[in-house]
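Presented below is the structure to which this report refers.
The values are calculated or read from the model by the stated rules, or taken from the named source; none is laboratory data. Predicted model, so just to flag it, every value in this text is computed and none were measured. Cβ sites come from the backbone with ideal geometry, for glycine too, and all protein chains shown count toward neighbours. To get the accessible areas, we keep the full protein, side chains included, count just its heavy atoms, and leave off ligands, DNA and RNA. Shrake-Rupley method; radii C 1.70, N 1.55, O 1.52, S 1.80 Å.
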Amino acid sequence: MTVVIGFEGSANKIGIGIVRDGEVLSNPRRTYITPPGQGFLPSDTAKHHRAVILTVLKEALQEAGLQPADIDCVAYTKGPGMGAPLVVVALVARTVAQLWGKPLLGVNHCIGHIEMGRLITRADNPTVLYVSGGNTQVIAYSERRYRIFGETIDIAVGNCLDRFARVLKISNDPSPGYNIEQMAKKGSQFVELPYTVKGMDVSFSGILSYIEDAAHKMLSCGQCAAEDLCFSLQEMMGVMCEERGAKLFATDERFCIDNGAMIAQAGWEMFRSGEETALEDSWITQRYRTDEVEVTWRD
């Protein structure tokens, strides 16, 4: 049995998860929360992560019922993400690996999401729609790489959701996307939102521009409710899949929101294939494309 602990903190979530041969043993996390309508700054987010990371580490070990000696490898998010929060996570992961005498692994954040999605949904070889604050990519595995066949040509879906939530004054606890989903359950009126597909690339700036321009007018005159706009945004994804004859696999909020277990799972795959990160190479990078990583653990 192989046990890997994963540290994630590339944005406003700090999470530490432990995985043993495909089983998630623990996955606690904390969220840096700002008032509705506001974003989060890298320096403030890093300060939050520094304040809670050791508490989250203690919780992860206690929930898993493990001691440091039971861990085989320490994985951490190398990037992409916000620089200051990434540095906090890397420093703690490096320190823990040295104190415990364990090998270290730097993990690509996107690949963490992909491998956790494969584990949870049991989708063996999916075409992946990866959406986050900074990325929107259509990805599929081919010849030892997760290759990007299409991506946003303007703003990422995650960034669009964040700004959509700010316009509607929706909280970011635990995440704007989650709260949009909950509000969407109470909506019923479909408002057509503009989006563009150009080959395999997509454009979402039209949605944001439309909402920023029309939301206040539509809400103030009673044309629709905020819940209806959230419902419309969510329904659009289903419509896009149906138009292309696709079957949708999705993880729930435990694993689709940034978390430590996804880094542990990707680290588990990498470690089992013989990969390790030397201490002198254990830096972070804010820009780290998915297709830069050689996928040594798949045929």
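Structure summary
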| item | result |
| --- | --- |
| Filter result for the condition that a residue is at pLDDT below 85, touching a helix residue (DSSP H, G or I) at 6+ places or on another chain (Cβ under 8 Å) and not assigned by the TED database to the domain that holds ILE14, over LEU229, LEU168, LEU193 | LEU193 |
| Sole residue being small (Gly, Ala, Ser) and modelled with pLDDT under 95, chosen from GLY83, GLY37, GLY15, GLY6 | GLY37 |
| Residue within region 248-261 that is over 16 Å from GLY177 (Cβ atoms) and assigned to a helix (DSSP H, G or I) present | yes |
| Some residue of region 174-195 being hydroxyl-bearing (Ser, Thr, Tyr) and under 30 Å from MET1 (Cβ atoms) | no |
| Hey, VAL239 within 20 Å of ILE148 (Cα to Cα) and surrounded by fewer than 16 Cβ atoms within 10 Å (Cβ to Cβ) or not | no |
| Of residues in region 276-299 being outside any loop (DSSP other than H, G, I, E, B) and closer than 14 Å to ALA93 by Cβ, the one nearest to the chain's Cα centre (by Cα) | ASP281 |
| Selection from region 30-47 of residues that are surrounded by 21 or more Cβ atoms within 10 Å (Cβ to Cβ) and either farther than 21 Å from LEU161 by Cα or in contact with a Leu (Cβ under 7 Å, 6 or more places away or on another chain) (or both) | ALA46 |
| Residue selected from region 98-113 under the condition free of Cβ contacts under 8 Å to residues at least 60 places away in the same chain and assigned to a helix (DSSP H, G or I), by the criterion least open to solvent (accessible area, probe 1.4 Å) | TRP100 |
| Failed item in (1) in contact with a helix residue (DSSP H, G or I) (Cβ under 8 Å, 6 or more places away or on another chain); (2) open to solvent by 10 Å² or more (accessible area, probe 1.4 Å), with GLY17 passing the rest | (2) |
| Residues of region 206-255 satisfying the condition of being among the aromatic types (Phe, Trp, Tyr) and farther than 24 Å from VAL138 by Cβ | PHE231 |
| Search result, residues across region 194-221 that are of a type outside the set (S, T, N, Q) and in contact with a Gly (Cβ under 8 Å, 6 or more places away or on another chain) | PRO194, TYR195, GLY199, MET200, ASP201, VAL202 |
| Segments classed as strands (runs of 3 or more DSSP E), wholly inside region 1-94, with at least 2 members that are of a type in the set (Lys, Arg) | 13-20, 29-31 |
| Complete set of residues in region 260-297 that are of a type in the set (S, T, N, Q) and open to solvent by 50 Å² or more (accessible area, probe 1.4 Å) | GLN286 |
| Positions within region 65-87 being open to solvent by less than 10 Å² (accessible area, probe 1.4 Å) and either over 30 Å from GLU151 (Cβ atoms) or among the aliphatic types (A, V, I, L, M) (or both), in sequence order | ILE71, CYS73, VAL74, ALA75, LEU86 |
